[in-house]
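Step one of this worksheet: look at the structure below.
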Amino acid sequence: MSEQPTIEVRNLRTHFFTKAGVVKAVDDVSFSVGKGRILGLVGESGSGKSVTGFSIMGLVDPPGRVAGGEILFQGRDLAKLSEEEMRKIRGARIAMIFQDPMMTLNPVLRIDTQMIETVLAHDKVSEAEARKRARAALVQVGIPSPDERLKAYPHQFSGGMRQRVAIAIALLHKPELIIADEPTTALDVTIQGQILFEVQKLCRESGTSLIWITHDLSVVAGLADEICVMYASRIVEKGTVDEVLDHPLHPYTRGLIGSVPSRNVRGRPLAQIPGMTPSLLNLPPGCAFRARCPRASEACLVEPEMTAPLPNREVRCFHPHLETVAA
Amino acid sequence: MTVYLIRRLMQSALVVLAMTVILFLGVYAIGDPIEILISPDADQIERERAIAALGLDRPLWEQYFTFLGNALQGDLGRSFVFNEPALKLILQKMPATLELALAATVFAIILGLPLGLIAGLKPDAIYSRVIMATSILGFSLPTFWVGLMLIMVFAVQLGWLPSTGRGPTAEFLGVQWSFLTTDGLRYLIMPALNLSLFKISLVIRLTRAGVRETVLMDYVKFARAKGLSPNRVIFVHVLKNILIPVVTVTALEFGSTIAFSVVTESIFAWPGMGKLIIDSIYVLDRPVIVAYLMIIVFMFIILNFTVDVLYSVLDPRVRLQDQKA
Ligand SMILES: Nc1ncnc2c1ncn2[C@@H]1O[C@H](COP(=O)(O)OP(=O)(O)OP(=O)(O)O)[C@@H](O)[C@H]1O
Ligand code: SF4
Ligand SMILES: [Mg+2]
């Protein structure tokens, strides 16, 4: 563990200063990803996963901004960089793939334009050389007849193909870190599987670190090394994939696992976590999961801190499910 | 695309035909040119000779078909007043109006697009609010009043710009243009600005709305995530998308600009079609009125056509659909 992690996020806070009040979309989030490692960032819709990714990229739009914490990328705090310094890192050393492939490519620009401009934004090469690299990237993600495809417009591609193009763009500069924000959610299951497999392969081959954002635990199970579970802007549980999935400590994680079909006994109705994600605008004091938690007690009226009840495990709960580990 | 073009052409022909009927009847229904053209003390024989000479004694439908037959040969009748082909009269005045309308459109683009861009990118800044407030004035102040104010300030008070006429012109492609001489350009500025006021406001609002909508799109965020410079994001990724509605509307508006130039031409004594048509309406010079309106109809049809083609050049998604059609 002496090696410096690719990215280390410490006590990140990203807040939106809206007219209705301050929305703490990311609150005291810490994690790190080592070289060539894959982190799964899991949580329900609205838990702050995307905002965490955009915070690392320096792409939080007003009225939001990073209000505190450190984002150490190879030891350098990104939150302190100027816009131009940050631009040089974006797309070159940290790349991001978005959730909806139908929306990420500009509809009025050809694929070659959108790829070549990415090359030229960071490297002083000729346009011919940039085109060659763009073509190679398309081949790498398995797009057939790349020369033809380069001249096409996004609407001439299927959703899966568009996402491959977006991945190819992310790979252009062989970044040290890729943030993949639910890149397969909008795709059908077969294509989802293919893309997962390919991304995993590419990362292992090139030593790229990956943050894979998803609300679907089953996706992360076969892919990630570590998991961070997010709930209402905070990380509530952290650990290696196997440990978290086999012995979830946090009641919320347990609920999530209960709602994954593959881990259920056939025929039994899918377990659901009762209740709704609370509004971030007026979170009640204490544990944010309290209203939905079967284990809630008086103690939970106080905000729980992140604790490490077991080696290499962290959880934000007063009554973690330690009994499952012992069993 | 060919099938599409042919279909469009046939539709256009039908529209023109329908317009000839409407125009002919509509213009026929208003006033009696004989009352205006012939002196009140002319005797009955003189009157009837004049009526026969103008073809006004025939039945309405016959007059229409004569008109239509002639129109197909490019003859839209002779002016009652100038005793010259109406079409020729109007075509002589057309370059002046076209020049005015074009200059107004150029103003609208070079002023409206950047201002709209600024207002859209920083919607909360003071200067953006000032731009938007001014654009409301541009919409609501009457053209003739602004024209008179312009004359008051820049011609009368400051004496910087001439207020009437076209000034010296120079020939290009067999037509006289004001913008080719420095002095002519000075004559052009005020009327063009006056005529473009509404359009500038329109372009500002369209651009601002487009920018505000586009900057929120995922593809703009993705463009930034690729590490593109802010200029590239704004001037390629954002602008190229908002250009589609802006170009469409500006081009479609060109027809109304020409129609609106009637007011501006009257105020600045700009010798264009608008001034001619106003004069012709006063004396009920029917052939000129009909010819003018026909030309306007043609212009709108050609404009719509051009806009469709432009649209498919700008938006690849439309292009593909056309290929399928
Ligand atoms: N522009 C904004 N203004 C105000 N609040 C915002 C804005 N963007 C995000 N938020 C808040 O941040 C919270 C987290 O949003 P985020 O997009 O990170 O959720 P997520 O975990 O990615 O959800 P999903 O699975 O739906 O993508 C949201 O609940 C929302 O209230
Ligand atoms: S702290 Fe209390 S309410 Fe929160 S998850 Fe743990 S047991 Fe449930
Ligand atoms: Mg999200």
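The values are calculated or read from the model by the stated rules, or taken from the named source; none is laboratory data. All figures in this text were calculated on a predicted structure; none of them were measured in a lab. Note that each Cβ is placed from the backbone with ideal geometry, even for glycine, and that neighbours are counted across all protein chains shown. Heads up: the accessible areas ignore ligands, DNA and RNA and are worked out on the full protein's heavy atoms, side chains in. Shrake-Rupley method; radii C 1.70, N 1.55, O 1.52, S 1.80 Å.
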Can you tell me which of (1) within 14 Å of chain B (Cβ to nearest Cβ); (2) open to solvent by 10 Å² or more (accessible area, probe 1.4 Å); (3) more than 13 Å from ligand 1 (Cβ to nearest atom) is the one A:K80 doesn't meet? (1)
Given (1) within 21 Å of B:A251 (Cβ to Cβ); (2) modelled with pLDDT of 85 or more; (3) within 23 Å of the chain's Cα centre (by Cα), index of the condition B:T143 fails: (2)
Just the residues that are crowded, with 24+ Cβ neighbours inside 10 Å and of a type in the set (D, E), please, taken from segment A:207-239. A:E237
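Can you say whether B:I267 is surrounded by fewer than 17 Cβ atoms within 10 Å (Cβ to Cβ), modelled with pLDDT of 85 or more and either outside the structural domain of B:A192 (by TED's automatic domain parsing) or over 18 Å from B:A71 (Cα atoms) (or both), as far as the supplied structure shows?
Against the criterion (surrounded by fewer than 17 Cβ atoms within 10 Å (Cβ to Cβ), modelled with pLDDT of 85 or more and either outside the structural domain of B:A192 (by TED's automatic domain parsing) or over 18 Å from B:A71 (Cα atoms) (or both)), B:I267 does not qualify.
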Among B:V146, B:V153, B:V81, the single one that is more than 16 Å from B:A291 (Cβ to Cβ), open to solvent by 30 Å² or more (accessible area, probe 1.4 Å) and β-branched (V, I, T) is B:V153
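Considering each of A:V29, A:V9 in turn, give the residue that is more than 7 Å from ligand 1 (Cβ to nearest atom), buried (at least 19 other Cβ atoms within 10 Å of the Cβ) and closer than 13 Å to A:M230 by Cα.
A:V29
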Quickly run through segment A:83-107 and pick out the residues that are open to solvent by less than 50 Å² (accessible area, probe 1.4 Å), more than 7 Å from chain B (Cβ to nearest Cβ) and over 20 Å from the mean Cα position of the chain (by Cα). none
Restricting segment B:45-78 to residues that are of a type in the set (A, V, I, L, M, F, W, C) and touching a residue at least 40 places away in the same chain (Cβ under 8 Å), the one surrounded by the fewest Cβ atoms within 10 Å (Cβ to Cβ) turns out to be B:L68
Go through segment A:52-66 and count every residue that is open to solvent by 30 Å² or more (accessible area, probe 1.4 Å) and closer than 19 Å to A:S32 by Cα. 3
Taking the conditions exactly as written (open to solvent by 30 Å² or more (accessible area, probe 1.4 Å), within 18 Å of B:L216 (Cα to Cα) and within 16 Å of ligand 1 (Cβ to nearest atom)), does A:S45 satisfy them or not? no
Boolean, B:S196 is within 24 Å of B:L310 (Cβ to Cβ), open to solvent by less than 10 Å² (accessible area, probe 1.4 Å), among the hydroxyl-bearing types (S, T, Y) and touching a helix residue (DSSP H, G or I) at 6+ places or on another chain (Cβ under 9 Å): yes
Of all strands (runs of 3 or more DSSP E) fully inside segment A:126-234, the set with 3 or more residues that are within 16 Å of ligand 2 (Cβ to nearest atom), at pLDDT below 90 and among the hydroxyl-bearing types (S, T, Y) is none
Residues in segment A:65-74: is at least one at pLDDT 90 or above, within 12 Å of ligand 1 (Cβ to nearest atom) and over 15 Å from B:G227 (Cα atoms)? yes
Could you run through segment B:213-230 and say how many residues are acidic (D, E) and in contact with a Ser or Thr (Cβ under 8 Å, 6 or more places away or on another chain)? 1
In segment A:123-149, what residues are open to solvent by less than 70 Å² (accessible area, probe 1.4 Å) and free of Cβ contacts under 8 Å to residues at least 24 places away in the same chain? A:V125, A:S126, A:E129, A:A130, A:A136, A:S145, A:P146
Give the residues of segment A:4-57 that are charged (D, E, K, R) and at positive phi, sorted by residue number. A:D28
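Residue-wise test of (1) open to solvent by 20 Å² or more (accessible area, probe 1.4 Å); (2) over 29 Å from B:I6 (Cα atoms); (3) at the interface with another protein chain (Cβ under 10 Å from one of its Cβ atoms).
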| position | (1), (2), (3) |
| --- | --- |
| B:V238 | no, yes, yes |
| B:F254 | yes, no, no |
| B:T257 | no, no, no |
| B:V263 | yes, yes, no |
| B:K275 | yes, yes, no |
| B:V307 | no, no, no |
| B:R317 | yes, no, yes |
